[in-house]
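Participant: I have a structure I would like to understand better, so I am pasting it below and will then ask my questions one at a time.
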Amino acid sequence: MPSASTGAPTTMGALTSPSRQLAPGLPGYRRMSFALFAAGVATFALLYSTQALLPAVSAGFGVTASAASWTVSAATGALALCVLPLSALSERFGRVRLMTVSLVVATAIGLLVPLAPDLEWLVVLRAVQGAALAGIPASAMAYLAEEVRPRALIAAIGLFVAGNSIGGMSGRVVTGWVAQLWGWRAALAAVGLMAVVCTVAFRLLLPKARHFVPGSLNPRALAETVRGHLSDPLLTRLYGIGALFMTVFGAVYTVIGYRLVDAPFNLPQGVVGSVFLVYLVGTVSSAAAGRLVGRMGRRGALYLAVGTTATGLLLSLADSLTAVLLGLVLITAGFFAGHAVASSEVSRTAKTGRAQASALYQSAYYLGSSAGGTLGAIAFHSGGWAGTVLLGLLAVLGVVSITLYGTYAARAKIRRPVLRTAAAHH
């Protein structure tokens with residue numbers, strides 16, 4: 001890959017002595033952790049602000065579940081499309097600056113979203129908001145890869161992902177109860193105010209980047225970097241795994257509200273929002289991803305995440321609220337563990353152009369979310385909750401297939417030199 005001087009995207013993380021990077025116990029590490037945690041909270045709270053409110057949005061505008069689901073899919077789809085170009089901007093103007101601008105713009109739009117006069121305007125505003133939020137995942141992983149010691153990287157990314165889970169949970173719980181008391185527009189306004197607090201905390205706490213080296217905006221160099229990442233078999237497998245995990249998660253959480261407000265559960269909106277407290281399980285499982293990889297290896301941790309997710313999907317088929325809640329717990333734990341493992345491996349695998357490597361993962365991840373939300377709503381409309389579960393199980397099967405293929409490819413790579421050596425002796 002060309003260097004920064006030639007205009008190619010690059011990062012300083014691969015060139016910086018680990019002794020100068022942040023690690024637990026060193027000055028600045030805790031501030032960085034809290035700052036990115038706040039960014040993760042704001043990102044997921046804003047990005048999925050309408051998800052728990054979809055039944056109320058459907059009723060308010062008189063539209064179907066699949067139509068209302070576009071208020072989620074438009075945001076995640078726009079994020080997926082914009083994360084790569086914004087990652088290029090982060091290489092030129094800096095991770096911290098881009099994350100700051102992204103949070104400020106997305107939060108400002110979040111304060112306008114409750115004023116949308118109809119579904120079309122709501123979808124447009126949500127798409128613009130998703131595009132603005134793309135600057136966070138485009139920069140955060142690269143920032144961590146540059147500023148944090150390699151041995152502490154999985155734990156640091158796990159904490160950022162944990163912030164995502166807290167944001168997803170708190171946004172949905174807050175919107176559920178506020179919507180029950182004052183309506184869904186007030187609920188969206190509450191999320192916007194929460195994002196304001198997180199944005200201020202992020203800007204005040206985040207340490208200045210010490211290892212970032214700016215590059216120039218060179219489309220040809222960017223295309224070369226992207227082509228290199230897409231030709232890397234391990235990276236492409238990780239992108240596929242992220243997309244499929246998020247397809248499951250997007251499908252389940254887009255339509256779970258519709259299932260719980262209908263018979264046999266008939267839960268009120270506030271209680272449905274409180275169901276998202278199971279996101280706390282995701283906080284624990286994503287933060288524990290580093291220990292899982294240490295004990296079981298990357299593939300072992302992925303198999304455990306897949307098995308947990310599939311078990312949760314099957315359990316959620318029961319017409320028992322306890323079984324459904326336990327199923328959601330397992331789905332959430334499996335998803336966040338799998339996501340933390342895959343995303344951290346992307347940062348570890350890419351030695352140059354880390355922002356682009358992470359951006360491609362985030363593009364695949366949020367395209368999976370957008371596809372999952374839309375297809376999950378269609379499956380629910382056609383076949384009820386069983387249709388959504390079937391879609392999730394097919395995506396899980398895809399993760400298993402990719403991981404098995406990776407295991408086979410790794411073993412074949414090890415066997416080749418042995419076979420060549422044996423042939424040479426003969």
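Participant: At a 1.4 Å probe radius, carbon and sulfur cover how many percent of the accessible area of the chain?
Facilitator: Looking at the chain in its full context, I get 68 percent from C and S.
Participant: If you don't mind, there's one more thing I want to ask. Mean-square fluctuation check for the chain, GNM, Cα pairs under 10 Å: which of 273, 257, 387 is largest?
Facilitator: 387
Participant: Output the DSSP H helices from the chain with an along-axis C-alpha extent of no less than 24 Å and a mean Kyte-Doolittle hydropathy no less than -0.5.
Facilitator: 29-47, 70-93, 95-112, 150-182, 184-205, 233-261, 289-315, 321-349, 354-425
Participant: Spin-label point model (7 Å from Cα, Cβ direction): what's the residue 93 to residue 277 distance in nm?
Facilitator: About 4.2 nm separates the two model spin labels.
Participant: A further question on this structure: Which one of 337, 209, 140 has the biggest mean-square fluctuation once the chain is modelled by GNM with Cα springs under 10 Å?
Facilitator: In the Gaussian network model the winner is 209.
Participant: Once Lys and Arg get +1 and Asp and Glu get -1 on their Cβ, which of 75, 188, 59 lies farthest toward the positive end of the dipole of the chain?
Facilitator: The residue sitting farthest along the positive end of the dipole is 75.
Participant: First measure r as the distance between the Cβ atoms of residue 381 and residue 322, then evaluate 1/(1 + (r/R0)^6) with R0 = 22 Å and state the FRET efficiency to the nearest 0.05.
Facilitator: 0.25
Participant: OK, next. Dipole of the chain, Cα-centred, from +1 at each Lys and Arg C-beta and -1 at each Asp and Glu C-beta, to the nearest 20 debye?
Facilitator: Dipole size: approximately 1740 debye.
Participant: From the helices alone, meaning DSSP H stretches of at least four residues, give me the mean residue ellipticity at 222 nm for the chain, per-run term -39500 (n - 2.57), in deg cm²/dmol to the nearest 500.
Facilitator: That calculation yields -27500 deg cm²/dmol at 222 nm.
Participant: Same structure, new question: Can you give me the long-range amide H partners of residue 148? Hydrogens built in the peptide plane at 1.01 Å from N, cutoff under 5 Å, separation of 5 or more residues or another chain.
Facilitator: Here 22 satisfy the definition.
Participant: Under a point spin-label approximation (7 Å from Cα along Cα-to-Cβ), what is the residue 232-residue 409 distance to one decimal in nm?
Facilitator: 1.2
Participant: Here is a follow-up. Using a 1.4 angstrom probe, figure out how much accessible area segment 68-220 has per residue, in square angstrom, rounded to the nearest whole.
Facilitator: 38
The values are calculated or read from the model by the stated rules, or taken from the named source; none is laboratory data. No experiment lies behind these values; they were computed from the predicted model shown. Counting neighbours? That spans all protein chains shown, and the Cβs are built from the backbone with ideal geometry, glycine included. Accessible surface areas use protein heavy atoms only, side chains included; no ligands, DNA or RNA. Shrake-Rupley method; radii C 1.70, N 1.55, O 1.52, S 1.80 Å.
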